[in-house]
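Enquirer: Structure provided below as structure tokens; questions to follow.
The values are calculated or read from the model by the stated rules, or taken from the named source; none is laboratory data. What you see is a predicted model, and the numbers here were worked out from it, not measured in a lab. Virtual Cβ from ideal backbone geometry, glycine too; neighbours counted across all protein chains shown.
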Amino acid sequence: MTEELAEKAGRDEDALRREHIREILLAINRGDSATLGRLLDQLHPADVADLMEQVGDKTRQLLLRFWGRDIDGEILSELDEGVRAEVIALLPEEVLSEAMLDLESDDIVDLVEDLEDEQKDALLDALPASERVAVEAALRYPEGSAGRLMQREVVRAPEHWTVGEAIDFVRTNTENLPEQFYHVILVDPKMRATGYVTLGKLMSMPRSKPLREVSEHSFRTVPVDLDEGEVAYMFNQYHLISLPVVDAEERLLGVITIDDAMIVLDEEHEEDILLLAGVNEESSLSDSALETMKLRLPWLGVNLATAILASLVIALFEDVIGRVVALAVLMPIVASMGGNAGTQSLTVAVRAIATKDLTGSNVWRVVRRELLVGLLNGLAFAVTMGLVAQVWFGSAQISAVIAFAMVVNLAVAALAGILVPVTMEKLGVDPALASGTFVTTVTDVVGFFAFLGVASAVLL
């Protein structure tokens, strides 16, 4: 009963959402700014950003014309990069300045770092002088580093303070506090981070308690030039909620919070999924057909080259295929099974590499396991396809050939699925980048060669 009510509530919520969006689109078409503003104010900034990404260019331009002066900085930070650049180009400078006033420095950096120089300068000019200095300093750090990810707004306290002194400081400096923070970071006289105290501990301890005595054991720092992927891994691995960023002298520069780390993790996973499919990570639903074609064309070309390679292997055995038509019927099964088995192994390997579960210390154990899995699956499907081929073509020889090919191809597919990404990672190449293409090539070439080669020896 509870599940039925939950399902009905979900359906009702979806219907209300669709009706709400329909009313927004009608208000845009009518040019009704008042109604449009009222309807959009009821949505979360992320939902407004989704709406702006999903409508066409013309509708988006009308929306900005009738409502753009009320746009919020959070909406801009939620937008896809391509749409964000278009929206920023259409907004007046004073509107941009107002929209960015309530954003933290890391969100402003995220807004401007991918823009063209002209748009970037326009946004920076719209910032107050102190904010601009902080953003420009962050932009000098390498792209994808902790320096780009951190926010400069930090709550710090001398390490010799007591809990009461820290509480009084926080309460009397509300205007200078970040919008959200989870720790008070302790610093020594040289501004080096030495620990941090959670707000929960700060509120629950006696005022006379020294901050040093209630600092967290989980405290660690990251260098400002550390890759953001490594930063996100630390959050996930050590269950952190914030992480101080330091320079070469261990001086505190800023802090990275869990919300930003989770965005990086999400982006890393999304990038791996796209790359496994041979799709450029810059692809977006808002891209034009021509832009999308240009991004996808290179890897389709690589796939064509590898497909030709597999075809050349088949061409070596055209004589036996011409004499035994059953081989042409069974070849797609060999290729399909090998490709699927390789993809399974590859997906597990890429994920394990990304999460650092697959390392030099356990790689050969995993290779042996995948090989055994491939052999066992190959034997299972060898029996299955042997029986199918016997019933289908009435030939024990064809049954033996397809059974042998199944064992070889599934074993090789499992090995290729683990060894190709591991090798690419050793070479410093993203293992998700082209592993799928190479694994498919290996399984096709080996599968066809084993199947047709044995068929030539047995049937001719």
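Enquirer: Look at the range 230-285 and say how many of its residues are of a type in the set (D, E, K, R) and either in contact with a Lys or Arg (Cβ under 6 Å, 6 or more places away or on another chain) or at pLDDT below 85 (or both).
Expert: 10
Enquirer: Filter the range 286-296 down to the residues that are surrounded by 13 or more Cβ atoms within 10 Å (Cβ to Cβ) and either in a loop (DSSP other than H, G, I, E, B) or modelled with pLDDT of 85 or more (or both) and list them by number.
Expert: Selection gives Ser286, Asp287.
Enquirer: So, in the range 389-414, exactly how many residues are free of Cβ contacts under 8 Å to residues at least 60 places away in the same chain and either under 27 Å from Arg368 (Cβ atoms) or touching a strand residue (DSSP E or B) at 6+ places or on another chain (Cβ under 7 Å) (or both)?
Expert: 5
Enquirer: Which residue, of Val422, Val446, Val401, is over 41 Å from the mean Cα position of the chain (by Cα), buried (at least 18 other Cβ atoms within 10 Å of the Cβ) and in a helix (DSSP H, G or I)?
Expert: That would be Val401, the only listed residue that is over 41 Å from the mean Cα position of the chain (by Cα), buried (at least 18 other Cβ atoms within 10 Å of the Cβ) and in a helix (DSSP H, G or I).
Enquirer: Within the range 240-257, count every residue that is closer than 22 Å to Thr355 by Cβ and out of contact with any Leu (no Cβ under 7 Å at 6 or more places or on another chain).
Expert: Total meeting the criteria: 5.
Enquirer: For the condition assigned to a helix (DSSP H, G or I) and farther than 23 Å from Val109 by Cα, what is the one hit in Val170, Val197?
Expert: Val170
Enquirer: Given (1) surrounded by fewer than 12 Cβ atoms within 10 Å (Cβ to Cβ); (2) in a helix (DSSP H, G or I); (3) among the polar types (S, T, N, Q), identify the lone condition not met by Thr359.
Expert: It fails just one condition, (2).
Enquirer: Just give me the residues in the range 122-156 being in a loop (DSSP other than H, G, I, E, B), within 14 Å of Leu101 (Cβ to Cβ) and of a type in the set (Gly, Ala, Ser), in sequence order.
Expert: Within the range 122-156, just Ala126 meets the criteria.
Enquirer: Checking Glu78 against (1) modelled with pLDDT of 90 or more; (2) within 22 Å of Asp14 (Cβ to Cβ), which single condition isn't satisfied?
Expert: It fails just one condition, (1).
Enquirer: Which one of Thr437, Thr384 is under 30 Å from Gly301 (Cβ atoms) and among the β-branched types (Val, Ile, Thr)?
Expert: Thr437
Enquirer: Still on this structure, please answer the following. Is it true that Arg148 is surrounded by fewer than 16 Cβ atoms within 10 Å (Cβ to Cβ), closer than 30 Å to Asp114 by Cα and not acidic (Asp, Glu)?
Expert: The answer is no for Arg148.
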